[in-house]
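What follows is one structure encoded as structure tokens, with my remarks underneath.
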Amino acid sequence: MRETAGATTFQGRPMTLLGGPLRVGDPAPEFTAIAPDMTPVGLSWAPGTVRVLCSVPSVDTPVCDRQTRFLGDALASLPGAELLTLSVDLPFAQRRWCGAAGKEGIVASDHRDLSFGLAYGVAVKELRLLCRAVFVVDAQDTVRYTHYAPASDEPIDHEEVLAAVHGCL
């Protein structure tokens, strides 16, 4: 398994990422995560759509919460585009977050086996968390945009992600 030392930081400390990294033009890897209702979800959860796959350390943190809410709202108004935010939060915690945020169907847990984290190169070895990253996958399951945040607390450029989505629609 590939390891990339120092690829991201968490609270200022360098961390090692496992798997990946993915590049634009790569086929999007399949993965299996668990939805808050305990059902499996993977790349094929929304076939024929543009999928924005976000990995975050935890939806219970301010930056991750804002990112997931913003992208959820922005993509809800774009027919043919879907969001899935993945973290290693337990499905129970994600269900609580969904209820508090008024958002359903946009989060999944990679806690069980880090399937997404390893396939997309976002699993943080030292902490068994996912780093902050965003992938835009087109309707043909090809990666069209990637961003691996250099720091876990660094917000992503929402407008850049939305521009990548618009380029796939």
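We did not get these values from a lab; they are worked out from the coordinates using the rules stated. Bear in mind the structure is a predicted one, so any value in this text is a computation, not a measurement. Cβ placement follows ideal geometry from the backbone for every residue including glycine, while neighbour counts extend to all protein chains displayed.
Quick notes on this structure:
- Segment 25-118: Rg to Rh, with Rh as the Kirkwood radius over Cα pairs: 0.93
- Note on segment 116-169: Cα Rg divided by 2.2 N^0.38 Å, N the number of residues, gives 1.22.
- The chain: antiparallel DSSP beta bridges as a percent of all, rounded to 5: 70
- Shown in residue order for segment 146-159 are the 3J(HN,Hα) couplings computed by the Karplus curve 6.51 cos²θ - 1.76 cosθ + 1.60 at θ = phi - 60°: 9, 8, 9, 5, x, 9, 5, 9, 8, x, 7, 8, 4, 5 Hz (x for Gly and Pro).
- Inverse of mean 1/r across different Cα pairs in segment 85-147, Kirkwood, Å: 12.7
- Sites Asp113 and Trp45, calculated FRET efficiency, Cβ-Cβ separation with R0 22 Å, nearest 0.05: 0.80
- Contact order, relative form, for the chain: 32 percent (alpha carbon pairs under 8 Å, 6 or more residues apart, mean separation divided by residue count).
- Put simply, the amide H of Glu82, placed in the peptide plane, has neighbours under 5 Å in Val50, Arg51, Val52, leaving out anything fewer than 5 places away on its chain.
- Within segment 126-149: backbone nitrogen closer than 16 Å to the Leu78 label point (7 Å, Cα to C-beta): 134-147
- Placing pseudo-labels 7 Å out from each Cα toward the beta carbon at Thr142 and Arg66 gives an inter-label distance of 3.5 nm.
- Working from label points 7 Å from Cα in the Cα-to-Cβ sense, the Arg2 to Lys125 distance is 1.4 nm.
- Net charge, Asp73 excluded, C-beta distance under 12 Å - Lys, Arg +1, Asp, Glu -1: +3
- Radius 12 Å from Cβ of Ile156, net charge of other residues (Lys, Arg +1; Asp, Glu -1): -3
- Segment 24-81-segment 99-169 distance, computed between alpha-carbon centres (Å): 7
- Cut-off 9 Å between beta-carbons: net charge of the residues surrounding Val59, Lys and Arg +1, Asp and Glu -1: -3
- Remark: C-alpha extents of the chain on the principal axes read 39, 36, 28 Å, sorted largest to smallest.
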